[in-house]
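These notes are about the structure you will find just below.
The values are calculated or read from the model by the stated rules, or taken from the named source; none is laboratory data. This structure is a prediction, so every number in the text was calculated from the model and none was measured. A quick note on method: Cβ atoms are made from the backbone with ideal geometry, for glycine too, and the neighbour counts reach across all protein chains shown.
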Amino acid sequence: MTETTPTTREPDPLEFDKPRVSIRKPEHRFDSQGETPDASRVERAMNSFVRDFGRTAAVYMESCIHCGMCAEACHFYEVTQDPKYTPIWKLEPFKQAYKREYGPFAFVYRALNLKPKVTVDELQQWQHLLYDSCTVCGRCSLMCPMGIDIASLVSQARHGMFKAGLVPHELAAVTERARREGSPLGATPKVFADRCEWLSDEHDVEITIDKPRADVLCAMSSIEIMKYPESVVATARIMRHVGADWTFRLDGYEATNFGLLTGDAAAQKELTLKIVHAAVACGAKVVVLPECGHAYTALRWMGANMYGKPLPFRVLHIAEFLAEQVRTGKLRLRKLGKTVTFHDPCQLVRRGGAIEAPREVLQALGVELREMYPTKGANWCCGGGGGVVAIHRADELRHKVFKIKMEQIEETGAELPVTSCANCRQTFDDGQAHFKWDKTMHSLLELVADNLVEDAQ
Ligand code: SF4
Ligand code: SF4
């Protein structure tokens, strides 16, 4: 290779006439979709927010006493001490529009111009607060003395942002891909079927697909199918071990729901109904959801609303299914004899209420459980939920937040960190690589599958 010698460049006379432009990185960039004029973007965002509003959300907006306790609860505020990360502040443009246009004293606010009209610039800036720096973890909602569910309001504000075409590019792209291909990460029905065939051969386990009738319909998340395929194998092994009449279905295997994370309500409904219709088609009595927190929220807590009537089957997160199998004695496990700490996925534990199920399973594995402080419903978020782990520009902030988790886990002195959410696991894997940390996050599902007492059958 020839070495190039630096040369003295002749100054370009025109260069000095050019305006000096700042090349400093902007504090936060925003993404937009479509060519909608600014005024329409604002109108769409606000109309959507108000339409979604309902009386409960309006009461929430009126009852904030500005105590600031939600700030202390939020990991983004905790690591930055920046007031703009105060959870209730994330809703400021929506609160402003509500007070000016729809609140009980709206005419006073308008007459005295106490609350100026929201501008598209504000919404653009708020994209960072509503998406990059909110995992919709609900810790602020838990701590608020007035019971304001700020996390739900953030989700409603995201609906408005989606209507305005002001969603982070990555989330818009994967949601669109999920609608087009059936999976946000390329785990199309064909890819899933091929993977199952390969995994079945490789691991010598039967993976049932498209059984016409089955009591149990299992679903997986894209992250598991593409990044952690051992989870697919683990699911099949456990179903065989407990003697379940089960199947995957190619018309309803994908539990990931980016519609929920993006704020695209139509996509959310479409993705949810795929699983619902697949379960109805095979007469499933139970749908077992994978290790994915937001998939649990989407089907367990929002599925009936999407379906328009009660779901004709039970919905269980895999950790709940495993706990039930432990209780009935069908799931027999070898004792691990290790020290373990459990990272509570926010959507499963704090938002979903499934606090004890993963702990029952760990107890059946004979581990010494060393709880983090704080733990269970008050545990800190990993920083990657709510779609944050997919937004590249949010990486720097997310890594700051991740330090809280590292400290929590180190303090327990446990040998194995375990969780039951592939999105959390991916966030931990990324954090581990970034900080060259020596702790690897483990999947509860895979831990169980690796320790089945097969010869007792
Ligand atoms: S904790 Fe609740 S009442 Fe206090 S500032 Fe936050 S939202 Fe308002
Ligand atoms: S939901 Fe979680 S990340 Fe979002 S504002 Fe509340 S505490 Fe912060």
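When you look at C64, is it surrounded by fewer than 22 Cβ atoms within 10 Å (Cβ to Cβ) and within 27 Å of the chain's Cα centre (by Cα), yes or no?
Numbers: surrounded by fewer than 22 Cβ atoms within 10 Å (Cβ to Cβ): yes; within 27 Å of the chain's Cα centre (by Cα): yes.
Taking the combined requirement at face value, the residue satisfies it.
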message = Give me the residue from region 146-167 that is part of a loop (DSSP other than H, G, I, E, B) and within 16 Å of ligand 1 (Cβ to nearest atom) and, out of that set, farthest from the chain's Cα centre (by Cα).
response = M146
task = Return only the number of the condition from (1) more than 23 Å from the chain's Cα centre (by Cα); (2) assigned to a helix (DSSP H, G or I) that L445 does not satisfy.
result = (1)
So K309, is it more than 16 Å from ligand 2 (Cβ to nearest atom), more than 23 Å from S183 (Cα to Cα), exposed (fewer than 15 other Cβ atoms within 10 Å of the Cβ) and not assigned by TED's automatic domain parsing to the domain that holds C218 = no
query = Could we say that R158 is closer than 28 Å to S32 by Cβ and without any contact (Cβ under 8 Å) to a residue 60 or more places away in the chain here?
reply = no
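If only one of L260, L217 is within 30 Å of A164 (Cβ to Cβ) and crowded, with 18+ Cβ neighbours inside 10 Å, which one is it?
Numbers: L217 fails: within 30 Å of A164 (Cβ to Cβ).
Answer to the selection: L260.
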note = Scanning region 385-397 residue by residue, those within 16 Å of the chain's Cα centre (by Cα) and more than 11 Å from ligand 2 (Cβ to nearest atom) turn out to be G387, V389, A390, I391, H392, A394, D395
ask   = Under 8 Å by Cβ, and 6 or more places apart or on different chains, what pairs join a residue from region 99-127 that is assigned by TED's automatic domain parsing to the domain that holds Y60 with one that is among the polar types (S, T, N, Q)?
value = K115/Q96; P116/Q96; V118/Q96; Q124/S32
inquiry  = Given (1) part of a helix (DSSP H, G or I); (2) more than 23 Å from the chain's Cα centre (by Cα), identify the lone condition not met by T235.
reply    = (2)
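Only one residue in K439, K400 is more than 19 Å from the chain's Cα centre (by Cα) and farther than 22 Å from R158 by Cβ, so which one is that?
Being more than 19 Å from the chain's Cα centre (by Cα) and farther than 22 Å from R158 by Cβ holds for just one of K439, K400, which is K439.
Considering only region 299-320, state which residues are touching a residue at least 12 places away in the same chain (Cβ under 8 Å) and more than 23 Å from M239 (Cα to Cα).
The initial filter retains those residues of region 299-320 that are touching a residue at least 12 places away in the same chain (Cβ under 8 Å), namely 299-303, 306-307, 311-320.
Result: W301, M302, G303, M306, Y307.
Select, from E202, E170, the only residue that is under 22 Å from the mean Cα position of the chain (by Cα) and acidic (D, E). Spell out the reasoning first.
Numbers: E202 fails: under 22 Å from the mean Cα position of the chain (by Cα).
Only one candidate qualifies: E170.
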message = Could you go through region 66-88 and let me know if any residue there is of a type in the set (F, W, Y) and away from ligand 1 (no atom under 16 Å from the Cβ).
response = no
query = Residues in region 212-232 that are part of a loop (DSSP other than H, G, I, E, B) and touching a Phe, Trp or Tyr at 6+ places or on another chain (Cβ under 8 Å): how many?
reply = 3
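Counting only residues that are surrounded by 20 or more Cβ atoms within 10 Å (Cβ to Cβ) and at pLDDT 95 or above, which one in region 173-211 is farthest from F258 (Cα to Cα)? Spell out how you get there, then give the answer.
In the first step, residues of region 173-211 are kept if they are surrounded by 20 or more Cβ atoms within 10 Å (Cβ to Cβ); the result is 174-175, 178, 182-185, 187, 192, 196, 207.
Okay, now just the ones that are also at pLDDT 95 or above, so 192, 196, 207.
Numbers: F192: 18, C196: 23, I207: 26 Å.
The residue in question is I207.
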Entirely in region 36-145, the helices (runs of 4 or more DSSP H) that have 3 or more residues that are more than 13 Å from ligand 2 (Cβ to nearest atom), modelled with pLDDT of 80 or more and on the phi < 0 side of the Ramachandran plot = 38-63, 92-97, 106-111, 120-127
